[in-house]
Amino acid sequence: MNEKEMDAYLDDFLTPYWQNFVDENNDGEQSFQSDEELEAMYALIKGFMSGMVVNGAQSIPQITEDDIQAAIGMLDKAPTDAEPEFDDLVDHTLTLGHLFLAWLSVSGSINLTGEQIDGVFGEDLSYLSPMDDMADIDRDEYHYDRADLDEYRSETANEVSRQAEKAAELFIDSKALNKLDGQVDEDDEDNIILTIQSLAVHLYGEYRQLPFEEWTGSALKAVLTGYIVKDAFLASKDYQSFGPILKAFIDFIAGTQLMTATVGKSLKKAIDEATPEMIRLGQDETNYSETKQLILSVKENKTDPSETLFKLLDDSSDDNPFDMLDQPDNKKGKPNVVSMEDWKDKPRKKGKKNKKPKKR
């Protein structure tokens, strides 16, 4: 489904439950006192629940532990970032998602106990690559399953993701970027790895081209002016430098066992041909998806979803989610959900926390 369809689907997905959650918890010290705060809350929870929908959840009563894990993993699609505003967005999305799931458990809306919810949020998923099991997240949007292509295989997409990530990390370690004087900031290195990784995934998904020898100039140009503009986490200012960066990456792997020099020459020509159009499209933010616009706006500190809401979620981090819900008559008994403070201290799948440190 496209973005508008996904947005409408999430509204339908949440409608029977969200207002009750708000009404039952919108008083006392935990009150959300403005429409702005409620809108910010709703935006965060929709982002969290979208991972469950992508994973195949048809309705809230059908939510499984795998769906919750997918929702947590969905956040790994966003790039790592040292800026506190973006860091907070991920933290608070998880905190609110945990609280909402606790309420659903208490109200009997889902068939998961607090112990099961605790198990997912506390599970150490750091051994997974940030793109593992998420490589086909754009499968529907970018029509990977076309009749004119060989069968799409998720396990192959994940292997493509891992291969591209490893090659991009070796590229960063080689210090080849130092030759691009003034064009690359060290803080951008993780995002370069992620962008090359996602580029490779799309070349497989959209064209079934495996890294790196099978890449063709025509497919590369299409992805550079398509996915890389619409959904790659590059800001408008980044498109001027991405062409030279990608050419440097091609130079790094061309002539090795990964790619012949002939293919490398062809790809660099394609990059030169696509770059003007990529820059033109990339400098117009109306060409970005809504998800990309939201993430970039937070990264660039253009928007503050709600300082008051974030403070409330910060202040609640010492509380057990079920204590916050004020449900003394819960017939099921109080499930054993980990406290927010303990939960925050446990390792979990969050790329920005568990991802490899920046190379310096």
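Of all the criteria given as (1) within 18 Å of Leu267 (Cβ to Cβ); (2) out of contact with any Lys or Arg (no Cβ under 8 Å at 6 or more places or on another chain); (3) charged (D, E, K, R); (4) part of a helix (DSSP H, G or I), the one not satisfied by Glu213 is (4).
Consider Ser241 carefully, then state whether it is at pLDDT below 95 and in contact with an Asp or Glu (Cβ under 8 Å, 6 or more places away or on another chain). Answer is no for this residue.
Of all residues in segment 140-154, those being touching a residue at least 24 places away in the same chain (Cβ under 8 Å) and either of a type in the set (Gly, Ala, Ser) or loosely packed, with under 13 Cβ neighbours inside 10 Å (or both) number 2. Quick check, is Ser174 surrounded by fewer than 14 Cβ atoms within 10 Å (Cβ to Cβ), touching a residue at least 24 places away in the same chain (Cβ under 8 Å) and among the polar types (S, T, N, Q)? Yes, satisfied.
Which members of segment 264-286 meet the condition of being assigned to a helix (DSSP H, G or I) and modelled with pLDDT under 95? Let's see the steps before the verdict.
Taking segment 264-286 first, the residues assigned to a helix (DSSP H, G or I) are 264-282, 285-286.
Scanning segment 264-286 gives Glu285, Thr286.
Pairs are defined by a Cβ separation below 9 Å, a sequence spacing of at least 6 or placement on different chains, a first member in segment 246-261 that is without any contact (Cβ under 8 Å) to a residue 12 or more places away in the chain and over 21 Å from Met278 (Cβ atoms), and a second member that is of a type outside the set (Asp, Glu) and in a helix (DSSP H, G or I); the pairs so defined are Gly255/Ala261; Gly255/Gly264. When you scan segment 221-232, do you find a residue that is over 22 Å from the mean Cα position of the chain (by Cα), at pLDDT 95 or above, assigned to a helix (DSSP H, G or I) and at negative phi, even just one? Yes, the conditions are met somewhere in segment 221-232. Of Phe249, Phe242, Phe212, all but one fail to be aromatic (Phe, Trp, Tyr) and closer than 21 Å to Gln293 by Cα; the exception is Phe242. The sole residue among Phe100, Phe32, Phe86 that is modelled with pLDDT under 85 and either farther than 27 Å from Asp231 by Cα or surrounded by fewer than 18 Cβ atoms within 10 Å (Cβ to Cβ) (or both) is Phe32. Of all residues in segment 251-263, none are in a helix (DSSP H, G or I), in contact with an Asp or Glu (Cβ under 7 Å, 6 or more places away or on another chain) and modelled with pLDDT under 95. Going by the structure shown, is Leu220 over 20 Å from Leu149 (Cβ atoms), in contact with a helix residue (DSSP H, G or I) (Cβ under 8 Å, 6 or more places away or on another chain) and buried (at least 20 other Cβ atoms within 10 Å of the Cβ)? For Leu220, the condition - over 20 Å from Leu149 (Cβ atoms), in contact with a helix residue (DSSP H, G or I) (Cβ under 8 Å, 6 or more places away or on another chain) and buried (at least 20 other Cβ atoms within 10 Å of the Cβ) - is not met. Residues in segment 224-245 that are among the aliphatic types (A, V, I, L, M), surrounded by 20 or more Cβ atoms within 10 Å (Cβ to Cβ) and either farther than 14 Å from Asp272 by Cα or in contact with a Pro (Cβ under 7 Å, 6 or more places away or on another chain) (or both): Ile228, Val229, Ala232, Leu234.
The values are calculated or read from the model by the stated rules, or taken from the named source; none is laboratory data. On a predicted model such as this, the values are computed, not experimentally measured, just so you know. Cβ atoms come from the backbone with ideal geometry, glycine included; neighbour counts cover every protein chain shown.
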